[in-house]
1. Rolling a 1.4 angstrom probe over the protein chains, ignoring ligands and nucleic acids, what is the accessible area of Val98 in square angstrom, nearest 10?
2. Would you mind working out the magnitude of the charge dipole of the stretch 55-231 relative to its Cα centre, with +1 at each Lys and Arg C-beta and -1 at each Asp and Glu C-beta, to the nearest 20 Debye?
3. On a full-extension model of 0.36 nm per residue, what is the gain between Lys138 and Gln28, subtracting their alpha-carbon distance, rounded to one decimal in nm?
4. Let me make sure I get this right: for the stretch 31-139, a, b and c are the square roots of the gyration tensor eigenvalues over alpha carbons, sorted descending. Under 1.5 in a/c it's rounded, otherwise prolate if a/b > b/c, else oblate. Which is it?
5. Mind grabbing the accessible area of Asp114 for me, 1.4 Å probe, Å², rounded to tens?
6. Could you check how much of the accessible area of the stretch 17-73 is carbon and sulfur, as a whole percent, using a 1.4 Å probe?
7. Could you list the square roots of 5 times each eigenvalue of the Cα gyration tensor of the stretch 1-45, that is, the equivalent ellipsoid semi-axes, sorted largest first and rounded to whole Å?
8. Using a 1.4 angstrom probe, figure out how much accessible area the stretch 55-231 has per residue, in square angstrom, rounded to the nearest whole.
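The values are calculated or read from the model by the stated rules, or taken from the named source; none is laboratory data. Everything numeric here is computed off the predicted structure, so don't read it as measured data. Note that we place each Cβ from the backbone using ideal geometry, even for glycine, and neighbour counts take in every protein chain shown. The area values use the complete protein model at the heavy-atom level, side chains included, leaving out ligands, DNA and RNA. Shrake-Rupley method; radii C 1.70, N 1.55, O 1.52, S 1.80 Å.
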Amino acid sequence: MVITRPDIGFLRTDDAFILRFLRARKFQHFEAFRLLAQYFEYRQQNLDMFKSFKATDPGIKQALKDGFPGGLANLDHYGRKILVLFAANWDQSRYTLVDILRAILLSLEAMIEDPELQVNGFVLIIDWSNFTFKQASKLTPSMLRLAIEGLQDSFPARFGGIHFVNQPWYIHALYTVIRPFLKEKTRKRIFLHGNNLNSLHQLIHPEILPSEFGGMLPPYDMGTWARTLLDHEYDDDSECNADSYNAPAKDIEKDLSPKSMKRSQSVVDPGVLKRMDKNEEENMQPLLSLD
């Protein structure tokens, strides 16, 4: 199937890499190839986003240190990695929303190396406490669509649930804007809890949650995941000033118009499907939307 799309630069096609796309689409080979193609197309259509795509890039580094994203130490009862975002931590003077998206994608690239997470997937909790209307005004439809295409349509990860907590009214309004761009499966896995943490605890046990989410663990340390990626460079704050490194990302935000992803109608050798382990046929149990 790869050779039927010479228009796409498939920079990596080894077995281990392709396997994560098969797992992400439960070994439905047409869907897996479509995801693989969209993965590379997204990067080729948004080249500026992937320049200096490393943890030490100043914008990415600062976003990571502010907890974009964070990762809890314990997996949930389905074996899924729990990612957390505290939206109000965004420091608009130091990095952009594009930097946050880049930090999330870079983090997922690192985490998805784990075969267990390829199979079991992720859960995302976004805390909107103290997220201002001014900050929300930066969440433009084009920026939101860029994020959706990068995470929903172009990355080999399963998201078993996306939980909003403490969201203000204007986040509800934004959700209405992005809803048409979401797949039906994604919409069913978005939960709008508001201030009702009890409904969150019905899906994610409080024993593994930090106190910010009404859990039994201590408050979350925002630098936990950043220290993992940055290692000894975590405390190196000698990077250039904000103006020098925000300029390229701001240019990206001026013209965000992701192209529609091409769809392939090719065929694949059915023998590839025999590689599926029986354990990988068991998908995460479906969740019922609370909204």
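1. Near enough 0 Å² of accessible area.
2. Numbers: 17 positive and 17 negative charges, 130 e Å.
About 620 debye.
3. Additional length available on full extension: 35.9 nm.
4. oblate
5. Rounded to the nearest 10, that gives 60 Å².
6. It is 52 percent, rounded to a whole number.
7. Those come to 17, 10, 10 Å.
8. Numbers: 6730 Å² over 177 residues.
Solvent-accessible surface per residue comes out at 38 Å².
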